[in-house]
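J.: Questions regarding the structure given below will be posed in turn.
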Amino acid sequence: MSGSQYAAAGVDLAGGDAAKRRIAALVQGARTPHSVGKVGAFGGMVRVPEGYRRPVLVMSTDGVGTKVMVAREAGRYDTVGEDLVNHSVNDILVHGARPLAFLDYVAGAGLGIEETAAIVEGVARGCRNHDMALAGGETAQMPGLYRPGEFDLAGTIVGVVEEDAAIHGDAIVPGDVLIALESTGLHTNGYTLARAILFDRLKLALDAVIPGTEGTLGQVLLAVHRSYLAALMPVLDRVHGLAHITGGGIPGNLARILPSGCEAVVDAASWTLPPLFELLQRGGEVSQDEMLDVFNLGVGMIVVAPADQADPVRSAATAAGVPSWMLGEIRSGAAGVRLV
């Protein structure tokens, strides 16, 4: 099949090559002293930093879900890549790992050079913010699988932690306290239900002003997923467990790190539901149980720490510009999460 026939079928090789040249420049700007090899090679390489006695690589793969549909509707493509990086950083941070390298994957159909470059620029910015190498990635044009203008975004992160410093949650004991670190909104979860409520049921436009917030609906929905690296890295040796609140909400994610005999008791009166979540619950007539299962409700990360370490943990969060509050405690009981 000739190039012109391939283009007629929906794959623009010339446009793809131009996008790759733009992406190569972005990747070049997100290399670190640990980067090895050339940009554009078949594989990305990074050195394990010096100074580790028994380094363990911590890896995670994720996406940003249907938040990409909001980005496409708003015509803003430069934030979801940063969302992807920050989400991934948090996922390995709960094990005490420092980010080392990142790979991204953009798949779609009919994306222009500017849109593709904007997506990868968000990824590169997120990597630079964490002194992490953007080691490579892939852009795939797949008309037929995606409709024109549609795209999906995923990424893989590699981090490193000293084996005896890795956090697993097994140090959690009754008497530990729960500390909540504030989210910046939905982060990257719950957008399918949120879109159904806000756009389909309430018929709101992206430029609608949301009461109690300082922005439009589009700005609130595209708020960048907060990274907790700066807030937690200084105090990782003081905590017993960390839970990144993503899909599954507070109950589903906090339960993942609880050892046998430890029940997490969450004080539901310890924080006020942010305006966006109030709108979703009221406008969608969503039950409290489903709200808890689907959304983070303003809690982006939960720290489990000894009671005498609560002040240092919260001080580190404050220094990083992250609001925090006391959320509850660990009690003896069957492993699980209970709201009171």
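The values are calculated or read from the model by the stated rules, or taken from the named source; none is laboratory data. Every value quoted in this text rests on a predicted model; they were computed, and no experiment measured them. Every residue, glycine among them, receives a Cβ derived from its backbone with ideal geometry; neighbour counts consider all protein chains shown.
J.: So if I check each of Val177, Val239, Val209, which one is in contact with a strand residue (DSSP E or B) (Cβ under 7 Å, 6 or more places away or on another chain), under 28 Å from Arg128 (Cβ atoms) and of a type in the set (Val, Ile, Thr)?
T.: Details: Val177 fails: under 28 Å from Arg128 (Cβ atoms); Val209 fails: under 28 Å from Arg128 (Cβ atoms).
Step by step, each of Val177, Val239, Val209 is checked, and only Val239 is in contact with a strand residue (DSSP E or B) (Cβ under 7 Å, 6 or more places away or on another chain), under 28 Å from Arg128 (Cβ atoms) and of a type in the set (Val, Ile, Thr).
J.: Condition check: assigned to a helix (DSSP H, G or I), out of contact with any strand residue (DSSP E or B) (no Cβ under 7 Å at 6 or more places or on another chain), at pLDDT below 95 and closer than 17 Å to Val80 by Cβ. Does Ala124 satisfy that? Lay out the reasoning, then the answer.
T.: Numbers: assigned to a helix (DSSP H, G or I): yes; out of contact with any strand residue (DSSP E or B) (no Cβ under 7 Å at 6 or more places or on another chain): no; at pLDDT below 95: yes; closer than 17 Å to Val80 by Cβ: yes.
Criteria not met by Ala124.
J.: If you go through segment 66-100 one residue at a time, how many are crowded, with 21+ Cβ neighbours inside 10 Å and of a type outside the set (Phe, Trp, Tyr)?
T.: Initial filter on segment 66-100 (crowded, with 21+ Cβ neighbours inside 10 Å): 67-68, 70-71, 77, 79-90, 92-94, 96-97, 99-100.
Pick out the ones that are also of a type outside the set (Phe, Trp, Tyr) and you get 67-68, 70-71, 79-90, 92-94, 96-97, 99-100.
Qualifying residue count, segment 66-100: 23.
J.: Then there's this: Out of (1) at pLDDT below 90; (2) out of contact with any Phe, Trp or Tyr (no Cβ under 9 Å at 6 or more places or on another chain); (3) surrounded by 14 or more Cβ atoms within 10 Å (Cβ to Cβ), the odd one out for Asp17 is which?
T.: Looking at each condition in turn, Asp17 falls short on (3).
Residues checked against (1) under 21 Å from Gly252 (Cβ atoms); (2) in contact (Cβ under 8 Å) with a residue 12 or more places away in the chain:
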position: Gly283; (1), (2): no, yes
position: Ser287; (1), (2): yes, no
position: Gly300; (1), (2): yes, yes
position: Pro306; (1), (2): no, yes
position: Gln309; (1), (2): no, yes
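J.: Considering Thr213, Thr188, which residue is assigned to a loop (DSSP other than H, G, I, E, B), hydroxyl-bearing (Ser, Thr, Tyr), closer than 26 Å to Val286 by Cα and at pLDDT below 95? If you could, list the steps in order and put the result at the bottom.
T.: On the way: Thr188 fails: at pLDDT below 95.
Result: Thr213 is the single residue among Thr213, Thr188 that is assigned to a loop (DSSP other than H, G, I, E, B), hydroxyl-bearing (Ser, Thr, Tyr), closer than 26 Å to Val286 by Cα and at pLDDT below 95.
J.: Oh, and also: Among the residues of segment 132-185, how many are in the same structural domain as Ile92 (by TED's automatic domain parsing), among the polar types (S, T, N, Q) and assigned to a loop (DSSP other than H, G, I, E, B)?
T.: 0
J.: Would it be correct to say that Leu229 is farther than 23 Å from Glu285 by Cα and in contact with a Lys or Arg (Cβ under 9 Å, 6 or more places away or on another chain)?
T.: On the way: farther than 23 Å from Glu285 by Cα: yes; in contact with a Lys or Arg (Cβ under 9 Å, 6 or more places away or on another chain): yes.
So Leu229 fits the description; yes.
J.: Moving to a separate point now. With the requirement that a residue be within 30 Å of Val239 (Cα to Cα) and either out of contact with any Ser or Thr (no Cβ under 9 Å at 6 or more places or on another chain) or at pLDDT below 90 (or both), what does segment 135-164 give you? Write out each step before concluding.
T.: Taking segment 135-164 as the starting set, the residues that turn out to be within 30 Å of Val239 (Cα to Cα) are 154-164.
Result: Val160, Val161, Glu162, Glu163, Asp164.
J.: So Leu103 passes all but one of these: (1) over 13 Å from the mean Cα position of the chain (by Cα); (2) buried (at least 24 other Cβ atoms within 10 Å of the Cβ); (3) within 14 Å of Thr61 (Cβ to Cβ). Which condition number does it fail?
T.: It fails just one condition, (2).
J.: Give all pairs with beta carbons closer than 7 Å in which a residue from segment 213-241 that is outside the structural domain of Leu276 (by TED's automatic domain parsing) meets a residue that is acidic (Asp, Glu); count only pairs at least 6 apart in sequence or on separate chains.
T.: Nothing qualifies.
J.: Another question about this same structure. Might you let me know whether segment 209-218 holds any residue that is more than 25 Å from Gly126 (Cα to Cα) and buried (at least 17 other Cβ atoms within 10 Å of the Cβ)?
T.: Yes - at least one qualifying residue is present in segment 209-218.
J.: Select, from Ala140, Ala135, Ala124, the only residue that is buried (at least 21 other Cβ atoms within 10 Å of the Cβ), over 26 Å from Leu242 (Cβ atoms), of a type in the set (Gly, Ala, Ser) and under 23 Å from the mean Cα position of the chain (by Cα). So that I can check it myself, show each step before the final result.
T.: Values: Ala140 fails: buried (at least 21 other Cβ atoms within 10 Å of the Cβ); Ala135 fails: over 26 Å from Leu242 (Cβ atoms).
Residue meeting the stated conditions: Ala124.
Conditions (1) within 11 Å of the chain's Cα centre (by Cα); (2) in contact (Cβ under 8 Å) with a residue 12 or more places away in the chain, marked per residue:
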| site | (1), (2) |
| --- | --- |
| Arg47 | no, yes |
| Arg53 | no, yes |
| Val56 | no, yes |
| Gly65 | yes, yes |
| Arg72 | no, yes |
| Gly75 | no, no |
| Val85 | yes, yes |
| His95 | no, yes |
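Okay, residues lined up against (1) out of contact with any helix residue (DSSP H, G or I) (no Cβ under 7 Å at 6 or more places or on another chain); (2) among the hydrophobic types (A, V, I, L, M, F, W, C); (3) surrounded by 20 or more Cβ atoms within 10 Å (Cβ to Cβ):
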site: Glu114; (1), (2), (3): yes, no, no
site: Asp131; (1), (2), (3): yes, no, no
site: Gly144; (1), (2), (3): yes, no, no
site: Thr156; (1), (2), (3): yes, no, no
site: Ala180; (1), (2), (3): yes, yes, yes
site: Leu204; (1), (2), (3): no, yes, no
